[in-house]
Amino acid sequence: MDDIFYMKAALSEAKKAASLDEVPVGAVIVKENKIIAAAHNKRETDKNALMHAEIAAIDLACKKLKKWRLDDCTMYVTLEPCPMCAGAALQAKLKRVVFGAFESKFGAVGSVFNMFYDFKYNHSVLFTGGVLEEECTALMRDFFEGKREGTDIL
């Protein structure tokens, strides 16, 4: 798999989130080198704390495949998953998660702790962090700087 190619697709989703004044996080799920689900944060839009990009992408992938086990899929997400999203990846039995920016406050795949390896679950998820890290970090930084300055980034 081409991690950079798929992370660019996740970045495209993150930019959609930013254009909706959502925190710019995007995710895609890939099976057999094809994107089967693409989503972005929609917490503000849907008025729902659960609508992180990862949760929305997992939901779409499960519906498309008509199954809850995504053990032959990889998720690409622009920000290190939080505990809720890392837990969802474990519950969906994703094979692998690839993320861009590290999250020093809520990161549950290495930054604060690692839900994929620190606990004794019956499933583990392979992961790679830091793919297109500069681009993913810049998108987040610019979004929040714009919020502080009262300007839009896109």
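All conditions but one from (1) touching a helix residue (DSSP H, G or I) at 6+ places or on another chain (Cβ under 7 Å); (2) within 24 Å of residue 133 (Cβ to Cβ); (3) in a loop (DSSP other than H, G, I, E, B); (4) small (Gly, Ala, Ser) apply to residue 27; the one that does not is (3).
Just name the residue that is surrounded by the most Cβ atoms within 10 Å (Cβ to Cβ) out of those in segment 40-58 that are without any contact (Cβ under 8 Å) to a residue 24 or more places away in the chain and more than 13 Å from the chain's Cα centre (by Cα).
Residue satisfying both the conditions and the ranking: 43.
Scanning segment 41-78 for residues that are among the polar types (S, T, N, Q) and farther than 23 Å from residue 129 by Cα yields a total of 2.
Considering only residues in segment 1-24 that are part of a loop (DSSP other than H, G, I, E, B) and closer than 15 Å to residue 81 by Cα, the one that is farthest from the chain's Cα centre (by Cα) turns out to be 23. Scan segment 12-39 for residues that are among the aliphatic types (A, V, I, L, M) and open to solvent by 20 Å² or more (accessible area, probe 1.4 Å) and the total you get is 5. Where residues in segment 119-141 are more than 16 Å from residue 13 (Cα to Cα) and charged (D, E, K, R), which of them is modelled with the highest pLDDT? It comes out as 134.
The values are calculated or read from the model by the stated rules, or taken from the named source; none is laboratory data. Here the structure is a predicted model, which means the values were calculated and not measured. Please note: Cβ atoms are built from the backbone with ideal geometry, for glycine as well, and neighbour counts cover all protein chains shown. Just the protein is used for accessible areas: all its heavy atoms, side chains included, with ligands, DNA and RNA removed. Shrake-Rupley method; radii C 1.70, N 1.55, O 1.52, S 1.80 Å.
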